Amino acid sequence: MLESFQIIISLLDSTIRIATPLIFCAMAGIFSERSGIIDIGLEGKMLLSAFVAATATFLTGSPIFGLFAAILASCSASLIHGFACITNKGDQVISGLAINILASGLTITLGIALFSRGGQTPPLASEQRFMPIDFPFLDQLSFVPILEELFVEVISGHNILVYLSVLAVFFTYYVIFKTRFGLRLRAVGEKPEAVDTAGISVIKMRYQSILIAGMLCGLAGAYLSIAHGAGFGREMSAGKGYIALAAMIFGKWNPIPTLFACLLFGFLEALGVRLEGVELIWIGEVPVQVMQALPYILTVVLLAGFIGKARAPGAIGVPYSKEG
Amino acid sequence: MKNTENRGGNEAIASLPPSTESAIELKNITKRFGHVVANSDVNLKVRTGTIHGIVGENGAGKSTLMNILFGLYKPDSGMIFLNGQAVDVNSPEKSIALGIGMVHQHFMLVPTFTVLENAMLGNEGSMLLRSGEEVVLDRLKGLSNNYGLDVDFEAIISDTPVGMQQRVEILKALNRGAKILILDEPTGVLTPQETIGLFDILRSLREQGVTIILITHKLKEIMSITDTVSVMRGGKVVADFSTEKTSPEELAENMVGRKVLLSIKKPTLKVGKSVLEVKNVSHESKDGVLVLKNISFDLKEGEILGIAGVAGNGQSELLDILSGIETLQRGQITVNDKTILPFQDWNSKKAREFGVAHVPEDRHKRGLVLPFHNYENSILGYHRNEDYSSGFLMDKRKILNFVDELVENFDVRPRSSSISSGKLSGGNQQKLVLAREIESNPNILLVGQPTRGVDIGAIERIYEDLMKLKSKGTAILLVSVELDEIMSLSDRIVVMNQGTIVGETNSSNATELDLGKMMSGLEQV
């Protein structure tokens with residue numbers, strides 16, 4: 001009994017670690033797509049900012065500096081995306097794909113040129129990373145054993161970015177549904193003509209949205225290389241951007257449901273790692289690929305049947321032009 | 001013939017108070033799109049606190065001019081004066097700040113937002129919605145009571161009727177502090193009752209000093225509500241009138257540039273035997289909505305049966321079933337003694353074989369393949385006919401002979417067989433479709449919205465052609481949202497509302513008000 005409790009606790013702990021970059025990216029996706037811009041480039045922006053975070057931190061020794069460099073890099077990628085598909089009305093999927101390919105190639109090329117370590121950055125010392133924070137008041141909980149475990153192992157002991165990701169969800173919710181900016185952002189994604197004729201610049205709104213998306217992706221990237229990890233490894237985003245996109249659709253472009261979708265996908269991955277090489281009763285050993293594919297399979301199955309139709313923002317993917 | 005550049009109304013304008021009172025003055029506005037001159041040297045003056053109408057055919061430049069005034073387009077040259085001051089309106093933001101509001105023909109509302117959210121967009125009252133909503137809601141409720149703009153602030157736009165959506169648009173403009181209101185074809189989607197309601201609102205706005213520009217192609221509305229009116233043709237303002245000193249005939253003449261017959265002579269004809277019988281037809285849409293409920297009527301030789309109703313009350317589905325595009329699900333249809341039962345093979349090819357021709361409601365989607373040449377479109381659907389094909393191959397020479405004759409007989413301009421149909425004006429596209437269907441010698445013709453987006457000149461021609469066909473004994477089923485059209489063409493009228501036939505009447509004793517009541521589902525006759 002105690003052992004299975006330990007397993008559950010450790011599963012939940014890794015769920016949170018795995019879900020953090022998904023949450024940042026999915027919130028980025030919500031900002032971008034709610035304004036009508038498809039953001040398939042989440043993956044590339046995360047990868048690029050992971051690389052820049054590790055490099056800048058290694059060169060300066062300061063993770064704070066690394067974090068800001070990551071955000072800057074990710075926002076630049078957002079601007080490229082914006083220039084291609086907002087200013088020049090290009091295809092948003094193609095532009096996003098281009099960013100993914102660019103990030104994948106650029107990080108390896110620059111990595112080899114700078115450090116000659118096959119695309120990796122040198123490992124970072126622990127004072128160069130965002131390290132876990134232990135909540136001080138937890139000792140007082142020790143009279144409730146289960147709660148204590150839960151707090152010590154699951155809630156406490158993560159790095160600052162993990163907590164920031166939870167804040168990002170509430171930030172996203174608040175901005176999108178409770179502010180004037182959010183009203184306009186949603187309007188521009190549903191019916192840009194309505195925003196334009198109301199005297200608000202569609203182009204400006206969309207650029208602002210994708211810049212916020214860029215910042216959030218930058219946080220995701222920094223989390224990978226200077227908080228959760230200790231350095232950049234080639235292709236270290238490993239499809240997380242796409243899973244975040246799936247979580248966003250699963251959550252119907254709403255922050256709170258999307259958070260749960262991210263946690264679910266994180267849990268599945270944690271479970272997959274846990275079950276690697278383990279014989280299950282009746283089933284036997286589950287191939288690791290099956291577990292890796294689960295988030296995608298689940299998205300397709302659930303979207304197809306269980307949660308009803310996910311309605312995307314009305315004007316998503318359509319460049320806005322006034323005359324015709 | 002009178003001088004078509006008639007500016008005789010100018011004296012009427014000149015006799016009004018001096019120009020310092022003009023809310024809007026446009027001077028020598030010119031706007032080109034590529035080689036096309038949309039507005040050429042346009043001058044327009046609208047006095048404060050009046051309703052000014054702008055009439056003109058499609059492509060006369062009305063909408064372009066208003067989009068310039070609203071700051072959506074930049075004019076190539078010319079000046080805009082508001083209350084005597086020269087202004088530079090280079091964006092909607094600027095024009096809104098100057099007190100101009102516009103209600104577009106296609107509503108600029110976010111379908112997933114509530115009425116309140118839509119009305120406040122752009123002037124939300126605060127950075128945060130909660131505190132802003134209180135402020136704006138108070139203001140909007142005041143405006144709403146003041147002008148009779150009755151709306152439900154909580155409702156989601158996509159669930160509200162178009163009449164309310166329009167009131168939301170007006171509220172939205174007033175919320176921004178509009179003193180000048182431009183309405184682009186505001187009545188196209190309204191029932192007669194809703195139109196009356198809208199005009200009441202416009203009058204009360206005028207009383208409180210709002211200047212209104214009304215763009216429409218309905219001359220009757222111009223006569224009933226405007227104080228002054230300008231006629232546009234070919235990108236120019238060709239005449240200004242004081243409304244009480246002009247007539248629909250004079251306006252129409254100026255719009256087209258020649259005399260136009262507004263009334264139609266209906267040939268008096270004895271109707272023959274019944275050729276189309278529809279019995280208890282019901283239909284469910286793909287979403288499972290019952291769009292037709294127990295529809296029954298019949299149509300006789302030499303008769304025009306008009307189906308009136310606000311768009312989206314089942315007329316389109318009815319046409320689709322009769323023409324074989326949709327499968328009949330319930331009920332029975334008899335076409336020239338052939339009985340069609342549910343789920344039997346009845347399709348558009350069969351329909352043509354049994355003498356049913358169809359002029360579809362949407363000529364762009366269904367009537368024509370726009371990039372096709374006229375000669376290709378002129379045989380679309382009849383391409384299997386042996387006249388145009390020799391076995392496997394099409395006989396282009398025969399087709400060209402046919403289309404040359406067709407464009408001549410039906411006055412399709414330009415008279416070209418090889419121009420792509422997408423380049424024709426709406427009216428000429430419609431003439432081409434109608435020509436094709438009439439040339440197939442149908443004994444039943446289904447016509448949907450024959451004059452939607454068609455100029456007055458072409459409308460006249462289309463009506464003539466329909467009347468000619470009727471005299472030959474063809475039975476015509478006419479579906480239209482234009483009540484005037486239904487009333488002047490039909491012998492009998494049935495009214496549809498929410499998938500049912502709510503009333504039937506002879507056109508000779510039908511009044512617009514009665515039909516309007518039936519259309520809005522208020523009254524069963």
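The values are calculated or read from the model by the stated rules, or taken from the named source; none is laboratory data. Being a predicted model, the structure only gives us computed values, none of them experimental. Positions of Cβ are backbone-derived with ideal geometry, glycine not excepted, and every protein chain shown enters the neighbour counts.
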Give me a count of the residues in the range B:302-347 that are among the basic types (Lys, Arg) and surrounded by 15 or more Cβ atoms within 10 Å (Cβ to Cβ).
1
Sole exception among (1) of a type in the set (Lys, Arg); (2) surrounded by 15 or more Cβ atoms within 10 Å (Cβ to Cβ); (3) closer than 29 Å to B:MET519 by Cα for B:LYS236, by number
(3)
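Condition first: outside any helix (DSSP H, G or I) and among the hydroxyl-bearing types (Ser, Thr, Tyr). Now tell me which residues in the range B:415-440 satisfy that. I'd like the intermediate steps shown before the answer.
Initial filter on the range B:415-440 (outside any helix (DSSP H, G or I)): B:415-420, B:424-425, B:440.
Across the range B:415-440, the qualifying residues are B:SER416, B:SER417, B:SER418, B:SER420, B:SER425, B:SER440.
Quick check on A:ILE249: is it closer than 30 Å to A:GLY90 by Cβ, of a type in the set (Val, Ile, Thr) and within 14 Å of chain B (Cβ to nearest Cβ)?
On the way: closer than 30 Å to A:GLY90 by Cβ: yes; of a type in the set (Val, Ile, Thr): yes; within 14 Å of chain B (Cβ to nearest Cβ): no.
Considered against the rule, which asks whether it is closer than 30 Å to A:GLY90 by Cβ, of a type in the set (Val, Ile, Thr) and within 14 Å of chain B (Cβ to nearest Cβ), A:ILE249 comes out as no.
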Restricting the range A:195-228 to residues that are away from chain B (no Cβ under 14 Å) and β-branched (Val, Ile, Thr), the residue that is surrounded by the fewest Cβ atoms within 10 Å (Cβ to Cβ):
A:ILE212
Contacts under 7 angstrom Cβ, first residue in the range B:109-138 being at positive phi, partner assigned to a helix (DSSP H, G or I), 6 or more apart:
B:GLY125/B:GLY132; B:GLY125/B:VAL135; B:GLY125/B:VAL136
With criteria (1) farther than 25 Å from A:GLY41 by Cα; (2) buried (at least 16 other Cβ atoms within 10 Å of the Cβ); (3) under 23 Å from the mean Cα position of the chain (by Cα), A:SER74 comes up short on (1)
Quick check: is even one residue across the range A:221-233 out of contact with any helix residue (DSSP H, G or I) (no Cβ under 7 Å at 6 or more places or on another chain) and either of a type in the set (Phe, Trp, Tyr) or at pLDDT below 90 (or both)?
no
Every residue in the range B:150-175 that is touching a residue at least 60 places away in the same chain (Cβ under 8 Å) and closer than 16 Å to B:GLN208 by Cβ, please.
B:ILE170, B:ALA173, B:LEU174
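Scan the range B:283-295 residue by residue and report those that are under 28 Å from the mean Cα position of the chain (by Cα) and touching a residue at least 12 places away in the same chain (Cβ under 8 Å).
B:HIS283, B:GLU284, B:SER285, B:LEU290, B:VAL291, B:LEU292, B:LYS293, B:ILE295
Can you report the number of residues in the range B:326-353 which are touching a residue at least 24 places away in the same chain (Cβ under 8 Å) and under 24 Å from B:MET394 (Cβ atoms)?
As a first pass, look at the range B:326-353 and keep what is touching a residue at least 24 places away in the same chain (Cβ under 8 Å): B:326, B:328-336, B:348-352.
Checking which are under 24 Å from B:MET394 (Cβ atoms) leaves us with B:348-352.
Total meeting the criteria: 5.
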Could you tell me which residue of the range B:496-512 is surrounded by the most Cβ atoms within 10 Å (Cβ to Cβ), considering only residues that are touching a helix residue (DSSP H, G or I) at 6+ places or on another chain (Cβ under 8 Å) and closer than 26 Å to B:GLU460 by Cβ?
B:ALA510
Got at least one residue in the range A:314-322 being under 20 Å from the mean Cα position of the chain (by Cα) and small (Gly, Ala, Ser)?
no
If we keep only residues of the range B:130-153 that are of a type in the set (Asp, Glu) and within 14 Å of another protein chain (Cβ to nearest Cβ), then the residue nearest to A:LYS178 (Cα to Cα) is B:GLU133
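Given the range B:23-129, what helices (runs of 4 or more DSSP H) lie entirely inside it while holding 1 or more residues that are within 11 Å of another protein chain (Cβ to nearest Cβ), at pLDDT 90 or above and farther than 30 Å from B:ASP159 by Cβ? Spell out the reasoning first.
On the way: elements: B:62-69, B:92-97, B:115-120.
By residue number, B:92-97.
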Quick one: A:SER237 ticks every box in (1) part of a helix (DSSP H, G or I); (2) of a type in the set (S, T, N, Q); (3) surrounded by 24 or more Cβ atoms within 10 Å (Cβ to Cβ) bar one, so which box is it?
(1)
Return the residue satisfying two criteria in turn: it lies in the range B:161-207 and is more than 14 Å from chain A (Cβ to nearest Cβ) and β-branched (Val, Ile, Thr), and of such residues it is nearest to B:PHE70 (Cα to Cα).
B:ILE180
Suppose we filter A:ALA28, A:ALA54, A:ALA69, A:ALA19 for residues that are closer than 22 Å to A:ARG206 by Cα and part of a helix (DSSP H, G or I); which single one remains?
A:ALA28
Quick check on the range A:158-194: of everything there that is facing chain B (nearest Cβ under 8 Å) and among the small types (Gly, Ala, Ser), which residue is surrounded by the most Cβ atoms within 10 Å (Cβ to Cβ)?
A:ALA187
Answer yes or no as to whether A:ALA54 is surrounded by 24 or more Cβ atoms within 10 Å (Cβ to Cβ), within 24 Å of A:MET248 (Cβ to Cβ), touching a residue at least 60 places away in the same chain (Cβ under 8 Å) and not polar (S, T, N, Q).
no
Out of the residues in the range B:263-281 that are in contact (Cβ under 8 Å) with a residue 60 or more places away in the chain and not basic (Lys, Arg), which is surrounded by the fewest Cβ atoms within 10 Å (Cβ to Cβ)?
B:SER263
Does B:PHE107 satisfy being over 28 Å from the mean Cα position of the chain (by Cα), aromatic (Phe, Trp, Tyr) and under 23 Å from B:THR226 (Cβ atoms)?
no
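Which ones in the range B:348-361 are touching a helix residue (DSSP H, G or I) at 6+ places or on another chain (Cβ under 9 Å) and either surrounded by fewer than 22 Cβ atoms within 10 Å (Cβ to Cβ) or not β-branched (Val, Ile, Thr) (or both)? Can you show your working first?
Narrowing the range B:348-361 to residues touching a helix residue (DSSP H, G or I) at 6+ places or on another chain (Cβ under 9 Å): B:351, B:356-361.
B:ALA351, B:ALA357, B:HIS358, B:PRO360, B:GLU361, listed by residue number.
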Residues located in the range B:180-202, provided they are of a type in the set (D, E, K, R), touching a residue at least 60 places away in the same chain (Cβ under 8 Å) and surrounded by fewer than 20 Cβ atoms within 10 Å (Cβ to Cβ):
B:GLU185
